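The values are calculated or read from the model by the stated rules, or taken from the named source; none is laboratory data. Quantities reported herein were computed from a predicted structural model and do not represent experimental measurements. Cβ sites come from the backbone with ideal geometry, for glycine too, and all protein chains shown count toward neighbours. Heavy atoms of the whole protein, side chains included, go into the accessibility calculation; ligands, DNA and RNA do not. Shrake-Rupley method; radii C 1.70, N 1.55, O 1.52, S 1.80 Å.
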Amino acid sequence: MRYIAAYLLLQLANAEATPSASDITKVVSAAGVEVDSERIEKLFAALEGKNIEEVIAEGKSKLASVPSGGAAAPAAAAAGSAAPAAAAAAEESDEESDEDMGMGLFD
């Protein structure tokens, strides 16, 4: 992710030029992060022959199909009231399992 971010930052800084591997290395190392040149090579292989604006647009369309989780808030509120009961039930089941600890299957 850091290499993609560095690539996009460099692209924003100069839309006319395509960032190079050394440019990305400079940005990432300036942030104090260890550079993995193999990952940079993979990034360039994946972006080879592609327009970055088209790649971003394609990514946005893929993200549009991902559920956003809007219905989770009411479920979380309902679960919040049920949480103490669930915790008590879990404690009871733990106590029950401790009772059988002294007996073996073949005793």
Hey, could you check region 1-32 for residues that are small (Gly, Ala, Ser) and assigned to a helix (DSSP H, G or I) and say which is nearest to GLY59 (Cα to Cα)? ALA5
VAL35 fails exactly one of (1) over 18 Å from GLN11 (Cβ atoms); (2) open to solvent by 90 Å² or more (accessible area, probe 1.4 Å); (3) outside any helix (DSSP H, G or I), namely (2)
Select from region 1-32 the residues that are free of Cβ contacts under 8 Å to residues at least 12 places away in the same chain, open to solvent by 80 Å² or more (accessible area, probe 1.4 Å) and either touching a helix residue (DSSP H, G or I) at 6+ places or on another chain (Cβ under 9 Å) or aliphatic (A, V, I, L, M) (or both) and list them in ascending order. MET1, LEU12, ALA13, THR18, LYS26, ALA30
Take the conditions open to solvent by less than 70 Å² (accessible area, probe 1.4 Å), of a type in the set (Gly, Ala, Ser) and in contact (Cβ under 8 Å) with a residue 12 or more places away in the chain and apply them to ALA46. Does it pass? no
Checked against (1) part of a helix (DSSP H, G or I); (2) more than 22 Å from the chain's Cα centre (by Cα); (3) of a type in the set (D, E, K, R), LYS62 satisfies every condition except (2)
